[in-house]
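Student: Next up is a structure, given as structure tokens.
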Amino acid sequence: MPEYKLYCFAQSGNAYRAALMLNLIGAKWEPVWVDFFKKREQVTPEYRTDVNEMGEIPVLVDGARRLTQSGVILTYLADKTGKYQPQGEDESLEALRWIIFDNQKVNGFLGPYRFLRNWAKPTPDQAVFNFLKGRADNNLKIIDTRLAKAPFLLGERPTIADISLAGYLFYPPEEFGFDIGKDHPAIGAWRERIKALPGWAHPYDLMPGHPLPE
Ligand SMILES: N[C@@H](CCC(=O)N[C@@H](CS)C(=O)NCC(=O)O)C(=O)O
């Protein structure tokens, strides 16, 4: 019997954070596939009533508890298991600081950029791409500078701040039209360190729905 259920789909970097954490802590979990692209389940009244009023993926189910927002899910699992957990108040606040920066400014721009580039119809104006790519590059540079100084965001040890950052950073370069690891070498090296963690798996191997069903 799996301990957790995770509402997710393979193309979602927001869900990948939660799926990756579950794998890294060695949890027994099962995915519940959300048909995000075709049926657009996330916008239905049923989804909003029964699954998540915010209309978002991921959603973690742990018994009677239902959690949304990947940052909340990561914090909950770290606190529950003691794994990838920041230690003490200063580190906890520091982790939260990077998780919010990532949600809003790093994966928060990369995710929509990749979505519009690969799946949006009609294709948006070039100015939209230029804006999102410009913002993403600028903020990836901030992360790259940080990771040039220490192996992980908070220092010597990987924490939930790194797992949050993983969001969209392992998807294929073709989906972005550029190679994040080549443009930002310290992020490239960090990716190798994350890949080496026991339980790491690629988002397309971890969550259902890739390739997209006909
Ligand atoms: N900050 C949220 C973002 C979740 C999110 O935006 N997920 C996307 C799927 S990748 C979604 O459900 N989008 C639906 C929408 O924005 O309407 C998190 O980290 O969980």
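The values are calculated or read from the model by the stated rules, or taken from the named source; none is laboratory data. Predicted model, so just to flag it, every value in this text is computed and none were measured. Neighbour counts are summed over all protein chains in view; Cβ atoms, including those assigned to glycine, are modelled from backbone coordinates with ideal geometry. Surface areas here come from the heavy atoms of the whole protein model, side chains and all, with no ligands, DNA or RNA. Shrake-Rupley method; radii C 1.70, N 1.55, O 1.52, S 1.80 Å.
Student: Taking the Cα centre of the chain as origin, sum charge times position over the Cβ atoms of Lys and Arg (+1) and Asp and Glu (-1), and report the length of that vector in debye to the nearest 20.
Tutor: Values: 26 positive and 27 negative charges, 45 e Å.
Dipole about the Cα centre, nearest 20: 220 debye.
Student: Report, in debye and to the nearest 20, how large the dipole of the range 22-63 comes out about its Cα centre when Lys and Arg carry +1 and Asp and Glu carry -1 on their Cβ. The partial results should precede the final answer.
Tutor: Values: 5 positive and 8 negative charges, 35 e Å.
Dipole of the range 22-63, to the nearest 20 debye: 160 debye.
Student: Which whole-number percentage describes the relative contact order of the range 128-204, with Cα contacts under 8 Å and a sequence gap of 6 or more? Mind dumping the intermediate values first?
Tutor: Details: 45 pairs, mean separation 21.8, N = 77.
Contact order relative to length: 28 percent.
Student: Related question: Give the relative contact order (percent, whole number) for the chain; include only Cα pairs under 8 Å separated by 6+ residues. If you can, show how the numbers build up before the last one.
Tutor: Working: 298 pairs, mean separation 62.0, N = 214.
Computed value for the chain: 29 percent relative contact order.
Student: Okay, next question. Can you tell me the FRET efficiency between D79 and Q126 if r is taken as the Cβ-Cβ distance and R0 is 30 Å, rounded to the nearest 0.05? Mind showing how you got there, number by number?
Tutor: Numbers: r = 44 Å, r/R0 = 1.47.
In this case the efficiency is close to 0.10.
Student: Can you pull the percent of the chain's accessible area that's carbon plus sulfur, 1.4 Å probe, other chains left in place?
Tutor: Details: 5550 of 10470 Å².
It is 53 percent, rounded to a whole number.
Student: Which whole DSSP H helices in the chain pass both tests: a Cα extent of 24 Å or more along the axis and a mean Kyte-Doolittle value no lower than -1.0? Show your work: numbers first, answer last.
Tutor: Details: long enough: 126-147 (31 Å, -0.23).
Answer set is 126-147.
Student: Another question, if that's okay. Per residue, how much accessible area does the chain have with a 1.4 Å probe, in Å²? Intermediate results must be reported in sequence, preceding the final value.
Tutor: Numbers: 10470 Å² over 214 residues.
I get 49 Å² per residue for the chain.
Student: Turning to a different aspect of this structure: Checking the table K38/K133; K5/K105; K83/K141; K141/K182; K141/K195 against a 18 Å threshold on Cα-Cα, which pairs fail?
Tutor: Working: K38/K133 26 Å; K5/K105 28 Å; K83/K141 28 Å; K141/K182 12 Å; K141/K195 21 Å.
In this structure, K38/K133; K5/K105; K83/K141; K141/K195 lie more than 18 Å apart at Cα.
Student: Next up: Find how much the distance from L212 to E174 grows on full extension, using 0.36 nm per residue of separation minus their present alpha carbon separation; answer in nm with one decimal.
Tutor: Values: separation 38, 0.36 × 38 = 13.68 nm, distance 1.62 nm.
The L212-E174 span can extend by a further 12.1 nm.
Student: How much length, in nm to one decimal, is gained on full extension between R40 and K182, taken as 0.36 nm per residue of separation minus their Cα-Cα distance?
Tutor: Here the answer is 47.7 nm.
Student: Could you tell me the accessible area of W33 in Å² (1.4 Å probe, neighbours in place), rounded to the nearest ten?
Tutor: 90 Å²
Student: Order D162, D50, D179, most accessible first, counting only protein heavy atoms with a 1.4 angstrom probe. Don't skip to the end; give the middle numbers.
Tutor: Details: D162 0, D50 100, D179 45 Å².
Heavy-atom accessible area, descending, gives D50, D179, D162.
Student: Top to bottom by accessible area (1.4 Å), largest first, where do E56, E94 land? The partial results should precede the final answer.
Tutor: Working: E56 80, E94 50 Å².
Most to least solvent-accessible, the answer reads E56, E94.
Student: Could you please put H202, H184, H210 in sequence from largest to smallest accessible area, using a 1.4 Å probe?
Tutor: Working: H202 45, H184 10, H210 90 Å².
Heavy-atom accessible area, descending, gives H210, H202, H184.
Student: Build a GNM of the chain with springs between Cα atoms under 10 Å: which of N107, N52, N14 gets the top mean-square fluctuation?
Tutor: For the chain, modelled as a Gaussian network with Cα springs under 10 Å, the answer is N52.
Student: Out of all DSSP beta bridges with both ends in the chain, state the antiparallel percent to the nearest 5.
Tutor: Rounded to the nearest five, the antiparallel share is 60 percent.
Student: Related question: Under a 10 Å cutoff between Cα atoms, tell me which one of R191, R97, R146 has the largest fluctuation in the Gaussian network model of the chain.
Tutor: R97
Student: Given the options P31, P58, P198, state which has the largest fluctuation in a GNM of the chain using a 10 Å cut-off (strictly under) for Cα springs.
Tutor: P198
Student: Another one. What is the distance in Å between the Cα centres of the range 15-49 and the range 90-139?
Tutor: 20 Å
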